[in-house]
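Here's the structure we're looking at; comments come further down.
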Amino acid sequence: MTAQSGPGSGNVATPQRVAALQRRMVGVLALATILGGLGVGASLSAGALLIADITGNPALSGFGSTMNAVGAAIAGVPLARLAARRGRRIALATGNAIAVLGAVLVVVASALHVSALLFVGLGVLGVAVAVQLQSRFAATDLAVPQRRARDLSLVVWSITIGAVTGPNLIGPGELLGEALGLPGLSGIFFFTIAAQIAAGLVVWIGLRPDPLLEAQRLAALTDEPAARAGATPAERGQAAPTAPDEAAPAARASALPQYLAIAMVALAHAVMVGLMAMTPLHLTDHGGSITLVGLTISLHIAGMYALSPVFGMLTSRLGAIPVILSGFGVLALAALGTGFGGESVSVIQTALILLGIGWCMVTVAGAALVTELTPAADRPARQGQSDTTMNAAGALFGAASGALFAAGGFPLVSVVAGVLIVLGAATAVRLLALRRG
């Protein structure tokens, strides 16, 4: 049976047509993620400063990132359910629209000096992070199995541009805010509003046909899984052992492997958030300047995203679990660096770079693994659960890291992070045993 390339189309969905459509979808998602990341990177940098300014209590500044993570965690499952019902296009564009509302609330809160509204606005703005995470899964909808990790990693890499560029908008944002008669730090959120609107328009216009709905339609019209629709005969033969709809009976019979994959991603994310959140306090406690803190976090962010295509290709060639185990090994080196770095700026900076790299390895390979292990019909729901779980884990350990730091400094935070790393590696070994068994 032949499938059509789109609803109402007379074009046969040949492997070449589906592959071309997938390339376009990845390009659209990457562009939208760059724009969305620009807004998120800008707002996260200013959020902590704005909290300190409005509340008059610098100790509360860390709650900006916590509220952002909480908002992302809450939005993960609803956005995934919306995608399952209406498609990725509507889900992602809706998320962008909600993020715009969050940024507007932040501006209003800063103008009125209402701290409670500010926290709510930052939480609502966290939906933009959930959109970024769902975008990486959207890149796998029409991908052939052995290219899922690569396509996913390209969307993850695109976050780099916005995340690194965004903080540099604080200066122009202050000028804009003051020109409008508002607190200077609120001005950057106008850039956030513009970036989220632009990202929503790119998704709304560019994701046609919708990749998830198209994948489901192709699956219904052919006897093959939707993810295999664009593969050549040779690719279908190579991918057969790992195709999700042809997975081992144990993986089909139980959702345990899927939950184990989700747990690994969540544990790695918790480690990253907890150690990153305490780095500014550690550096300033040892005499570091704000400039030094900014440079260190920028290096960390570069580690998080810059090499994601490399790890996507390694996942395709070596398999997800070896990359995940290696990622936890890199995270362990990072925890050793933060635990024993002391006053050495170079050691702490190296540790933060490793922290970003290890996180990237587990996140890219883990997202590909969650998709691989989950039957096509269940993927949106399971992907949403993964996003919610990882953000919730990050928010919990990010909040707990403050108390741990007060009690025992960076060494104690690093020890607890080490325990989470060991749990993550043990989970990966358990999943490997299940798949082999």
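The values are calculated or read from the model by the stated rules, or taken from the named source; none is laboratory data. Quick caveat: nothing in here was measured; it's all calculated off a predicted structure. Methodologically, a virtual Cβ is constructed for each residue, glycine included, from the backbone with ideal geometry; neighbour enumeration extends over all protein chains shown. Accessible surface areas use protein heavy atoms only, side chains included; no ligands, DNA or RNA. Shrake-Rupley method; radii C 1.70, N 1.55, O 1.52, S 1.80 Å.
Here are the numbers for the structure shown:
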{"read-out": "Residues located in the range 207-223, provided they are open to solvent by 60 Å² or more (accessible area, probe 1.4 Å) and modelled with pLDDT of 80 or more", "value": "208, 213, 216"}
{"read-out": "Test: residue in the range 355-369 that is at pLDDT 95 or above, closer than 30 Å to residue 140 by Cβ and surrounded by fewer than 21 Cβ atoms within 10 Å (Cβ to Cβ)", "value": "no"}
{"read-out": "Odd one out for residue 254, checked against (1) among the hydroxyl-bearing types (Ser, Thr, Tyr); (2) open to solvent by less than 30 Å² (accessible area, probe 1.4 Å); (3) at pLDDT below 85", "value": "(2)"}
{"read-out": "Residue pairs meeting the criteria (Cβ under 6 Å; at least 6 apart or on separate chains; first closer than 12 Å to residue 367 by Cα, in the range 258-284; second among the charged types (D, E, K, R))", "value": "258/382"}
{"read-out": "Per-region count, the range 1-47, residues modelled with pLDDT of 85 or more and hydroxyl-bearing (Ser, Thr, Tyr)", "value": "1"}
{"read-out": "Yes/no for residue 380 being touching an Asp or Glu at 6+ places or on another chain (Cβ under 8 Å), modelled with pLDDT under 95 and either in the same structural domain as residue 260 (by the TED database) or among the basic types (Lys, Arg) (or both)", "value": "no"}
{"read-out": "Filter result for residue 427 (in a helix (DSSP H, G or I), at pLDDT below 95 and buried (at least 18 other Cβ atoms within 10 Å of the Cβ))", "value": "no"}
{"read-out": "Selection status of residue 320, surrounded by fewer than 21 Cβ atoms within 10 Å (Cβ to Cβ), under 23 Å from residue 260 (Cβ atoms) and not basic (Lys, Arg)", "value": "no"}
{"read-out": "Tally of residues being polar (S, T, N, Q), modelled with pLDDT of 80 or more and surrounded by fewer than 24 Cβ atoms within 10 Å (Cβ to Cβ) across the range 280-310", "value": "1"}
{"read-out": "All positions within the range 151-175 that are open to solvent by less than 60 Å² (accessible area, probe 1.4 Å) and charged (D, E, K, R)", "value": "151"}
